[in-house]
Amino acid sequence: MKRLVLALLSFIVWILLIWPFTAYGIDWQGIIIGIFSSIIVGILFGDAFTDSPHRFFEIRRYLWLIYFIFVFVWSFLEASFDFAYRVLHPSLPIKPGIIKVKTKLKKRAGIAMLANSIGFAPGAVTVEVVGDTLYIHMACLKYQDTDEATAYVVRRFERILERIFE
Amino acid sequence: MRETIGYLFMFIGVVFDAIGCIGLIRLPDLYNRLQASLKCVAMGTSFILLGTMIIAGFSPVGAKAFLCLLFVLIISPTTEHALARASYIAGVKMWEKSTVDRLKEDNVARERIRVE
Amino acid sequence: MINLLIVILTCCSFLCLFRIARGPSASDRAVAIDILGIMIVAFGAFMSIKTGKEFYLTTALVWALLNFIGVLALAKFLEGKGFDD
């Protein structure tokens, strides 16, 4: 099961990499080589991939993933415009500090995804993860208290991520 | 028409790259520089690759631009987090006007990092 | 048009090189190297549009992955230096 999922994922990446749909027809040679090499990759590296492969076949999670991509891109745009304003302002309006937030996610993949998403939230980067506590460095500090900062930074990613990964 | 939209996206991307590099020079300490520049440059590069996708359409160039966009969006927050953690452990000082440092207050966490 | 964009991006790369040359600590240099690596992907996209060849984007893809692995190795190295202090 794990090996099948990994083989499918590597076959999709292979198709994007060589793009066999040319104007003169489909390049069957490339597709056959891709099938063989993704089966080999799946057999060799399937053990280290994931521990719950049945989740890859639930459609609900993919719909939440699409919604998560929209939220992620919106927060990415917000962060970039925020920093563009702060960098170009003559007096550099920044107020940095490291604060502490808590998360409710249990799975390691979910926490890693949350730490990466916080990397693109407006003015925040994860410095350290210890258990369920995330230490984040913020460039413009609005809240120093743990609960308020959690509600401001973490909540909007967390409520979607716990539907994707948990 | 399609080329005009693509070049417009590319122009926005180059402007954001320039802002990121100006931030790399102007901001005072490492953590602020890391966030500001990496976010602006990742967004600029994403916009340039998006413009490439719009100009090229459904062709090998477009597919590879999409793959590049995916990789840039995956690898840039990961390197951001890795560099921030490594510099904190290596002992890079924060800016002197910083307000709080909860990681230093929770000394237990830092000891646990060192033991691991 | 595209030549102008390439010239602007080259000037930005020189700003990055300035930070690499002057940065006070090793971590600053690692950050600047990471940012320069992401900008080289943008150069690959520009060259691919300018010439119409696709292998520039392949080069950019490989460069992005190698840059990722290299920066992670640099981060590990910086952390390891902290253990000895």
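The values are calculated or read from the model by the stated rules, or taken from the named source; none is laboratory data. Quick caveat: nothing in here was measured; it's all calculated off a predicted structure. As a convention, Cβ positions derive from the backbone with ideal geometry for all residues, glycine included, and neighbour counts pool all protein chains shown. Heads up: the accessible areas ignore ligands, DNA and RNA and are worked out on the full protein's heavy atoms, side chains in. Shrake-Rupley method; radii C 1.70, N 1.55, O 1.52, S 1.80 Å.
Quick rundown of the values:
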{"read-out": "Computed E for residue A:112/residue C:6 - FRET, C-beta separation, R0 35 angstrom, nearest 0.05", "value": "0.45"}
{"read-out": "Point-charge dipole on Cβ atoms (K/R +1, D/E -1) for the range C:2-79, about Cα centre, debye to 20", "value": "160 debye"}
{"read-out": "The range A:61-164 - percent relative contact order, Cα under 8 Å, separation 6 or more", "value": "36 percent"}
{"read-out": "Other-chain or far-sequence residues with amide H under 5 Å of residue A:103's (modelled H)", "value": "A:134"}
{"read-out": "Computed over the range B:2-115, Cα set: Rg, Dmax in Å", "value": "18.5, 57"}
{"read-out": "Å² of accessible area per residue within the range A:1-60, as computed with a 1.4 Å probe and no ligands counted", "value": "72 Å²"}
{"read-out": "Calculated diffusion of the protein assembly as shown, Stokes-Einstein form, Kirkwood radius summed over Cα pairs, 10 °C and 1.306 mPa s, µm²/s", "value": "73 µm²/s"}
{"read-out": "Cys with no candidate disulfide partner in chain C (beta-carbon separation under 4.7 Å rule)", "value": "C:11, C:16"}
{"read-out": "Kyte-Doolittle mean at least 0.5, axial Cα span of 24 Å or more - DSSP H helices of chain B", "value": "B:2-26, B:30-56, B:60-90"}
{"read-out": "Candidate residues A:148, B:96: accessible-area rank, largest first, probe 1.4 Å", "value": "B:96, A:148"}
{"read-out": "Residues losing 40 Å² or more accessible surface upon assembly, the range C:12-37, compared with the chain by itself, 1.4 Å", "value": "C:12, C:15, C:19, C:27, C:28, C:31, C:34, C:35"}
{"read-out": "For chain C: rounded, prolate or oblate by the Cα gyration tensor [a/c cutoff 1.5]", "value": "oblate"}
{"read-out": "Gaussian network model of chain A, springs between alpha carbon atoms under 10 Å - residue of A:45, A:76, A:120 with greatest fluctuation", "value": "A:45"}
{"read-out": "Chain A, Cα convex hull volume normalised per residue, Å³", "value": "152 Å³"}
{"read-out": "Relative contact order for chain B, counting Cα pairs under 8 Å that sit 6 or more residues apart, in percent", "value": "26 percent"}
{"read-out": "Amide H within-cut-off set for residue B:101, under 5 Å, with H built and near neighbours excluded", "value": "A:98"}
{"read-out": "Cα-centre dipole for the range B:2-115 with unit charges at Cβ (Lys and Arg positive, Asp and Glu negative), debye to 20", "value": "180 debye"}
{"read-out": "Of the DSSP H helices in chain C, those whose Cα atoms cover at least 20 Å axially and whose Kyte score averages 1.6 or more", "value": "C:2-22"}
{"read-out": "Expected 222 nm ellipticity per residue - DSSP helices of 4 or more, -39500 (n - 2.57), all of chain B, to 500", "value": "-28500 deg cm²/dmol"}
{"read-out": "Prolate/oblate/rounded label for the range C:1-47 (Cα gyration tensor, a/c 1.5)", "value": "oblate"}
{"read-out": "Residue with peak Gaussian network fluctuation, chain A [Cα springs, cutoff 10 Å], from A:114, A:134, A:63", "value": "A:63"}
{"read-out": "Residues whose placed amide H lies under 5 Å from that of residue A:95, excluding near-sequence neighbours", "value": "A:140, A:141"}
{"read-out": "GNM top mover of A:62, A:135, A:85 - chain A, alpha-carbon springs below 10 Å", "value": "A:85"}
{"read-out": "The range A:20-30 - phi-based ³J(HN,Hα) in whole Hz, Karplus 6.51/-1.76/1.60, Gly and Pro as x", "value": "x, 8, 8, 6, 9, x, 8, 7, 5, 4, x"}
{"read-out": "Dipole of chain C, positive end: most advanced residue of C:77, C:3, C:33 [Cβ charges, Cα centre]", "value": "C:3"}
{"read-out": "For the range A:2-55: span of alpha carbons on each principal axis (Å, largest first)", "value": "42, 20, 14"}
{"read-out": "Rg over Rh [alpha-carbon atoms, Kirkwood Rh] for the range A:19-116", "value": "1.15"}
{"read-out": "Mean separation of Cα contacts under 8 Å, 6 or more apart, over the residue count of chain C: relative contact order %", "value": "25 percent"}
{"read-out": "For residue C:11, solvent-accessible area (1.4 Å; no DNA, RNA or ligand), Å²", "value": "80 Å²"}
